[in-house]
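Below: one structure, written as structure tokens.
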Amino acid sequence: MTTVSSPTSHSARIRRSCLSVPAINQRALDKTHGLDCDVVIFDLEDSVFPEKKGEARDNLRRFFRQTPLEGREAVIRTNAIGSEFQRADIDLVLELAPDAVLLPKVDGPQDIREAADLAAASPGVRLWAMMETAKGVLNAAAIAAADARLDCLVLGLNDLRKDTGVPSEHGRTYLVPWIMQVVLAARAHGLDVIDSVFNDFWDTDGFAAECSQGRAMGFDGKMLIHPAQIEGANQAFSPSAEAIAEAEAIVTAFADPAARDLNVINMNGQMVERLHLEQAERLLAKTRHLTNRKTTA
Ligand SMILES: CC(C)(COP(=O)(O)OP(=O)(O)OC[C@H]1O[C@@H](n2cnc3c(N)ncnc32)[C@H](O)[C@@H]1OP(=O)(O)O)[C@@H](O)C(=O)NCCC(=O)NCCSC(=O)C[C@H](O)C(=O)O
Ligand SMILES: [Mg+2]
């Protein structure tokens, strides 16, 4: 896992692009090593036909044994809590010890606690939760507070649309209040939060617009379904040149001896406080981390 030190409550892990790879698709699994995504989510759930679940688990066994991922987080998405497949999926997680297990269709805090109990033998494996049911969104705050191992919420709008009857449309107008509730719940409990997949992977403009909206909503990154979406997500969720320049100016301004005992300063007609300094330092740490990663790749 890649992290950068953070002076603020929620982490500054790099999770801009979280690519879902169907565990049943050997060709796609083979491809992951050459892809520049920050996280690989190995999917045992919706992308795997029920009769193929065992084969998909075997593929992951082979994959983890032969060619572990370097420098990226490895996450396994299991089948739903209480489904006939989940026990075997969790056993696989205990066997392979990925960085995290992604639990789909989480309805409430009890689902997280049950999964934490099932995975208790591997305390290093963190928990991620898909927020994709009406009950899950209503219980977002309780879910986010459910267990210290919970690390990240991932929005799942395909299932949420199915559950609520809200149709798919650009801009996600009627979903915005629920989406923001998930972001708020994550932040209130120091978790990362990842935006939903964008299904139309040929529509690059639509994808870029949704990444930009997700960034403005406060997401850390986006769940992806196709390698063609990685670059756009990495770009959208990396600090922009303007944001870096502004952060550097804030750090420089507070480093001035004249600002030593000031909590608030005037920067070209803008009020800037020490909380902005903390944000600026965090952004610069993330930028340094990304730069180092590029130069060592
Ligand atoms: C959607 C796809 C089925 C399309 O696949 P395909 O027809 O093979 O596309 P391409 O021909 O354009 O593929 C080009 C090459 O790229 C490889 N590929 C494609 N997708 C992936 C991937 N996800 N990871 C790695 N590699 C990938 C192909 O194998 C081709 O390789 P090559 O032949 O060597 O050139 C497919 O993209 C796909 O299955 N995507 C992921 C589906 C998935 O994971 N679904 C579950 C997550 S969605 C979700 O979670 C929704 C959420 O729960 C909610 O409720 O919202
Ligand atoms: Mg789903």
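Bear in mind that the values in this text are calculations on the coordinates, not laboratory data. Because the structure is predicted, anything quoted here is derived from the model rather than measured. Cβ atoms come from the backbone with ideal geometry, glycine included; neighbour counts cover every protein chain shown.
Counting Lys and Arg as +1 and Asp and Glu as -1, what is the net charge of the other residues whose Cβ lies under 11 Å from the Cβ of residue 113? Summing Lys and Arg as +1 and Asp and Glu as -1 gives -3. Residues 57, 282, arranged from fewest to most other Cβ atoms within 10 angstrom of their Cβ, appear as 282, 57. Here the spin labels are modelled as points 7 Å beyond Cα on the Cα-Cβ line, and at residue 134 and residue 36 they lie 4.3 nm apart. Let a ≥ b ≥ c be the square roots of the eigenvalues of the Cα gyration tensor of the chain; is it rounded (a/c under 1.5), or, if not, prolate (a/b larger than b/c) or oblate? Here the chain falls in the prolate category.
Counting lysine pairs in the chain that sit 8 or more residues apart in sequence, or on different chains, and whose Cα atoms lie under 22 Å apart gives 14. At full extension, residue 261 and residue 91 could sit 55.7 nm farther apart than now, given 0.36 nm per residue minus the alpha carbon distance. Close amide-amide hydrogen proximity is noted between residue 77 and 42, 43, 44, 102, each under 5 Å apart and 5 or more residues distant or on a separate chain (H modeled in the peptide plane; Pro and chain starts excluded).
Over all directions, average the projected area of the Cα convex hull of region 123-181 and note it in nm².
Taking a quarter of the hull surface, the average projection is 4.3 nm².
As a size descriptor, the averaged projected area of the C-alpha convex hull of region 15-127 was calculated at 6.7 nm².
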